[in-house]
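Read-outs: derived from the displayed coordinates by stated rules, not from any lab. Note that the structure is predicted; figures quoted are calculated from it, not measured. Positions of Cβ are backbone-derived with ideal geometry, glycine not excepted, and every protein chain shown enters the neighbour counts.
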Amino acid sequence: MITHFAQLELHTVSIQGVKQFYHDQLKFPVGFESADEIHLHPTEHFALIFREVTKALNPVHIAFEVPFTAFDHAVNVVQQAGVTLLKWPDGRTVDKSETGRNVYFRDGDGNLLELIAHVYVHEGVLRPCGDLNILYLREVGFPVDDVTAFRELLVELFDFKLDKVADNFTFAIGGTAHAVVVSKMRKWIPIAMTALPPAMNVTLGVPNQPVIDAVIRNLEAKGILYTIANNRLHFKIDDYNLFLKLTNMPQEVPALLQLPYSRERN
């Protein structure tokens with residue numbers, strides 16, 4: 001059972017720019033910093049890492065879940081920090097649906113960030129963290145050539161569940177982690193931003209060794225090469241670097257949050 005996104009490693013053209021945006025403005029705590037690397041900790045169960053490079057970047061799309069009752073506060077914090085919210089074609093910045101609300105904005109590298117809140121997510125299960133009251137990283141975007149093949153591989157490897165299934169877009173879900181599998185031909189909303197494959201390392205958290213052992217068996221059955229180093233299982237799918245590691249997030253958290261498709265065992 002995959003419980004959550006435990007770590008996301010991205011490239012940047014400016015560590016200082018990252019620090020000013022994520023730490024100074026959004027108030028993410030800094031766990032480590034050097035001349036070319038910075039580790040941020042939006043929650044106790046997730047680390048956002050940037051490494052400085054001297055090459056062009058493809059922006060990533062990520063979404064942070066916040067409590068529904070704290071959504072307005074989180075949006076106010078972002079705006080008061082001087083961050084510009086992105087507008088939909090009709091001029092609105094907040095999107096509303098039957099299940100929740102969300103807003104979008106961008107960092108200095110052009111990454112598309114989202115704050116999202118759902119009415120069905122039970123509060124009091126995870127501790128809201130920081131000024132934004134973030135619960136967990138909910139979404140990471142994976143632009144691909146073949147949405148069907150990529151999502152089916154995630155199902156076969158991790159027993160992910162699928163939602164909003166279409167030829168050019170699908171959510172592949174494990175615990176609190178939502179992989180947004182999107183066609184490179186479909187642009188990111190709300191500003192019609194081209195979905196380019198970002199250079200990123202995505203670490204998925206698991207609660208016990210049998211889960212990792214099961215994924216290894218699935219990788220071997222598919223003929224996918226893997227390595228184990230620094231207590232992480234590593235392999236590649238469509239040039240995306242994926243990792244699995246044991247974490248201390250309780251495996252019952254997704255079910256306690258009452259997330260759709262969450263069960264005691266995926």
**Prompt:** Over the alpha carbons of the stretch 196-244, what is the largest minus smallest coordinate on each principal axis, giving the biggest first in Å?
**Reply:** 34, 22, 16
**Request:** Could you work out which residue, out of P190, P89, P29, moves most in a Gaussian network model of the chain, that is, has the largest mean-square fluctuation with Cα springs under 10 Å?
**Result:** P89
**Request:** Between R217, R106, R51, find the one with the highest GNM mean-square fluctuation for the chain; connect C-alpha pairs within less than 10 Å.
**Result:** R217
**Fill in**
Row for the stretch 116-255, column shape: gyration tensor on C-alpha, a ≥ b ≥ c, rounded if a/c < 1.5 i.e. under 1.5, prolate if a/b over b/c, else oblate; value oblate
**Message:** On a full-extension model of 0.36 nm per residue, what is the gain between D163 and D95, subtracting their alpha-carbon distance, rounded to one decimal in nm?
**Reply:** 22.5 nm
**Prompt:** Tally Lys/Arg at +1 and Asp/Glu at -1 over every other residue whose Cβ is under 15 Å from the Cβ of T43; what's the total?
**Reply:** -2
**Prompt:** Under a Cβ-Cβ cut-off of 15 Å, what is the net charge of the residues other than Q20 that fall near it, where Lys and Arg count +1 and Asp and Glu count -1?
**Reply:** -2
**Message:** Give the separation of the Cα centroids, the stretch 1-50 to the stretch 111-163, in Å.
**Reply:** 17 Å
**Asked** In whole Å, what are the Cα extents of the chain along the three principal axes, biggest one first?
**Response** 50, 43, 37
**Message:** Given the options S183, A221, F160, identify the residue whose Cα lies farthest towards the positive end of the charge dipole of the chain (+1 on Cβ of Lys, Arg; -1 on Cβ of Asp, Glu).
**Reply:** S183
**Asked** Under a plain spin-label model, where a point goes 7 Å from the Cα along Cα-to-Cβ, how far apart in nm are N241 and V30?
**Response** 2.3 nm
**Fill in**
Relative contact order of the stretch 109-172 (C-alpha contacts under 8 Å, at least 6 apart) in percent is 18 percent
**Item:** Label-point separation, A149 to E37 (7 Å along Cα→Cβ), nm
**Value:** 3.3 nm
